[in-house]
1. Two decimals is fine: what is log10 I(q)/I(0) at q = 0.24 Å⁻¹ for region 192-244, from a Debye sum with one equal scatterer on every Cα and no solvent?
2. Using alpha-carbon positions, what is the distance between the centroids of region 139-168 and region 178-253, in Å?
3. Give the residue from Asn150, Phe216, Thr187 lying farthest towards the positive end of the charge dipole for region 128-234; charges sit on Cβ (+1 for Lys and Arg, -1 for Asp and Glu) and the dipole is referred to the Cα centre.
4. Please tell me which of these pairs span more than 22 angstrom C-alpha to C-alpha: Lys153/Lys217; Lys74/Lys217; Lys191/Lys245; Lys30/Lys210?
5. Would you compute, for the Cα atoms of the chain, the largest minus smallest coordinate along each principal axis and list the three values in descending order, in whole Å?
6. Of the heavy-atom accessible surface of the chain (probe 1.4 angstrom), what whole percent is carbon and sulfur?
7. Take Lys125 and Asn108, extend 7 Å from each Cα along the Cα→Cβ direction, and tell me the distance between the two endpoints in nm.
8. Calculate how large, on average over all directions, the projected area of the Cα convex hull of region 24-149 is; give the answer in nm² to one decimal.
Amino acid sequence: MKKWLLTGALVVSAIALGACSQKTTGEEKKTLVMGTSADYFPYEFVDTANGDAIVGFDIEIAETISERLGYELKIEDMDFGSLLGALNAGRVDFVMAGMTPTEERKQNAAFSDIYLSATNLIMSKDESLQSIEALAGKKIGVQTASIQENIAKEQAPDAELVSLNKIPEIVQELNTGRIDAMVIEDTVAQKYLDQDQGFYTFALKEDGEKGSAAAFKLEDDLRDQFNDELKKMMESGEIDELTKKWFSMEPTE
């Protein structure tokens, strides 16, 4: 799985007021604000070739469903670890950021169906690091508040975790040798594997739900409305087409 193009994403700068299905006057559409962390290619990322637009697989799904529900979509970019806090504080209406619905997250958010499954990998520059046991005493990079952070804590307790906010930051630390390995989703890792043949990977064994879902406030009817449209997209083959589109295109950066 790989890459990208653009399909008219809307970016909003810091939004002071909670969005929560705001109604507007006249013939204007209601507005939904989606929280994301635009460092997760090809799910959501900044299209530097076309200004500062946020684009990607998640973005196009969100745009399509928002339009079908009669909403205008606006996007607020923030650190991944801030997303569920922003959701519960009412600063965004929902979250799409390649997020896996773990049991811990389900305590604070209601999730849609999983719309894309994936596997987590250990990625390193050292060919000898091909097992969990080999990571003992090594520095492992993870994204702060991510499922990868929890996986590393559970599966590599003898390693030293280095938590950073952005995936590109972690890859840079790996490239410069300041960390020995990182935990990364296979769909996101593919970009870096294609660009640099010096990376080595192995898949991690995992229990529980795998893959990405959209997050909503608990008891929010919007989740069910969104999920109905998401199911239609999955049944019609639209999600499959978007998967082929976004995960097969080469990045321009």
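The values are calculated or read from the model by the stated rules, or taken from the named source; none is laboratory data. Only a predicted model underlies this, so the values are computations on that prediction, with no experimental measurement involved. Positions of Cβ are backbone-derived with ideal geometry, glycine not excepted, and every protein chain shown enters the neighbour counts. Ligands, DNA and RNA are stripped out before the accessible areas are found, and what is left, the full protein with its side chains, is counted by its heavy atoms. Shrake-Rupley method; radii C 1.70, N 1.55, O 1.52, S 1.80 Å.
1. Here log10 of I(q) over I(0) equals -0.99.
2. Spelled out, the Cα-based centre of one part sits 18 Å from the other.
3. So the residue we want is Thr187.
4. On the way: Lys153/Lys217 27 Å; Lys74/Lys217 17 Å; Lys191/Lys245 14 Å; Lys30/Lys210 33 Å.
The pairs that break the limit, which is 22 Å between Cα atoms, are Lys153/Lys217; Lys30/Lys210.
5. Per principal axis, max minus min of the Cα coordinates gives 63, 38, 36 Å.
6. Numbers: 5240 of 11500 Å².
On the chain, the fraction of accessible area on carbon and sulfur atoms equals 46 percent.
7. Each label point lies 7 Å from its Cα, and together they span 3.4 nm.
8. Dividing the Cα hull surface by four gives the mean projection, 10.5 nm².
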